[in-house]
Amino acid sequence: MMNKVPVILISGFLGSGKTTLLLRLLAHTRQIPLRAAVLMNEMGEYDVDSAIISEEMPDVTVEGLLEGCICCSKRNELAGALHTLLIQKPDVIFMETTGVANPEQVLEELRSPLLADRLYLVHSISVVDAVLFHEYNSRFTADKELVRTLHGQLRSADFIVVNKTDVASSREVAKVVKNIRKLNNTAKLQTTEYSRVDLEPLLEPVLASVLVDPKPVQVFQHTSAQVQPNDTEATPTPIPAKDNERPSSTFRNTAFKVISAHPHNHSHDRNRPPSFSRLESLTLHQYSPRPLEKQRLEDFLTGLGSSLLRAKGYCVLPYEGTMLLQFSGSHLEWQPTALPVSQGYVTLIGEQLDKASITDQWEQCFVSL
């Protein structure tokens, strides 16, 4: 019988620190060493996070699914992407979902007949922003689909990372943990900053699967917050099992065209009403021959206010060169990069984005020659 490959799923809301955790896991697997592969899902038109991984870990195979979530619009492409990774014979596959994906649907897909005989879940990790957790839960109360997603990211987890505690008060962190435990009182939980967690326990099942033959024959899903009221790990319970075109590949350095917007929609269940989630993505392209002015861009992003939740991309600046832009929770960060980007782009994720107005404001970020 064919050996199964262990899967570690990483979910969490926008800007919580998922990719930072993934990079730490990849660095650790390299030291062991284990052969790792990554499936990266992005809402936007370009695969920013895959580019980050490819720059820091060029030996890691990364498969990207763009412009949608693997829990809904990209769900029918998930099996094809994973089988593409399996051709590389990895020891472990890491899956990072978009910030608005509900991992409960992803776990369901992993139990399908297309995948259950090749893969098995060892961990479902959820990363939480300690600073923005309560703000987002309060802000999106009226958006039942999004609330279901936020709660699903926590309920499905067997390991929860409460991140960015360095910029949150101890009282705030304690309140976040208390509220998480109302949704999931069985998962292991760590509070940390910059996604620094104890990686050894997370990779122990992977090491066991590599050293012990045959690999487990069951797919496991961790139970949610309905059993023992303590901080122990949830007990895995076996669950039964259930070709697609090849998905978009990794980072593409292509010519950039027009602005496009992609709403997030979870209406794949016929028995549920269509989603009325107002979150969408919008990609802005640096197509102008005029130079992009850094300060104007920063003012533009902060000026969008609460409608903008997340922004990321690569910008070609006249003095600094190519820079990676990360914006989350009103915090903006620039990082130099050696990635060969001829033209830049920025992907915005937000709520009820006024595309016409944003387009006009974006054009004002370029300096006249």
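No lab work stands behind these numbers, since they all come straight from the coordinates. These numbers were taken from a predicted model, which means no experiment stands behind them. In this analysis, Cβ positions are derived from the backbone assuming ideal geometry, glycine residues included, and neighbour counts consider all displayed protein chains.
Some notes on this structure:
- Tensor-based shape of region 157-210 (alpha-carbon gyration tensor, a/c under 1.5 rounded, otherwise prolate or oblate): oblate
- Judged by the mean number of other Cβ atoms found within 10 Å, the most tightly packed of the peptides 167-177, 282-292 leads the ranking 282-292, 167-177.
- Label zone (residue 175, point 7 Å along Cα-to-C-beta; backbone nitrogen cut-off 14 Å) within region 131-159: 131-139.
- For residue 36, residues with placed amide H under 5 Å, excluding near neighbours: 91
- Three-way shape call for region 98-215 based on the alpha-carbon gyration tensor, with the a/c threshold at 1.5: oblate
- Rg and Dmax, both from the Cα atoms of region 290-369 and both in Å, are 12.2, 34.
- Using θ = phi - 60° and Karplus 6.51 cos²θ - 1.76 cosθ + 1.60, couplings along region 171-177 (whole Hz; Gly, Pro as x): 5, 5, 4, 4, 5, 4, 4
- Low-density loop positions, GluC sites (Glu not before Pro), region 286-362 - DSSP coil, at most 12 other Cβ in 10 Å: 320
- Using θ = phi - 60° in the Karplus curve 6.51 cos²θ - 1.76 cosθ + 1.60, the 3J(HN,Hα) couplings for region 31-41 round to 6, 5, x, 10, 7, 10, 10, 10, 10, 10, 10 Hz; x is entered for Gly and Pro.
- Length released on extending from residue 20 to residue 208, taking residue separation times 0.36 nm less the Cα-Cα span: 65.2 nm
- For region 170-209 versus region 104-160, the gap between their alpha-carbon centres in whole angstrom: 14 Å
- Compared with the alpha-carbon gap, the fully stretched path from residue 59 to residue 198 is longer by 47.7 nm at 0.36 nm per residue.
- Residues residue 142 and residue 339, FRET efficiency given R0 of 30 Å [Cβ-Cβ distance, rounded to 0.05]: 0.15
- Annotation note: chymotrypsin sites (Phe, Trp or Tyr not before Pro) in region 290-336 located in DSSP loop regions with a Cβ neighbour count of at most 11 within 10 Å are 319.
- Region 334-351 - phi-based ³J(HN,Hα) in whole Hz, Karplus 6.51/-1.76/1.60, Gly and Pro as x: 10, 9, x, 9, 9, 5, x, 10, 7, 9, x, 7, 9, 9, 9, 10, x, 10
- With R₀ fixed at 30 Å, the C-beta to C-beta distance from residue 166 to residue 87 puts the FRET efficiency at about 0.15.
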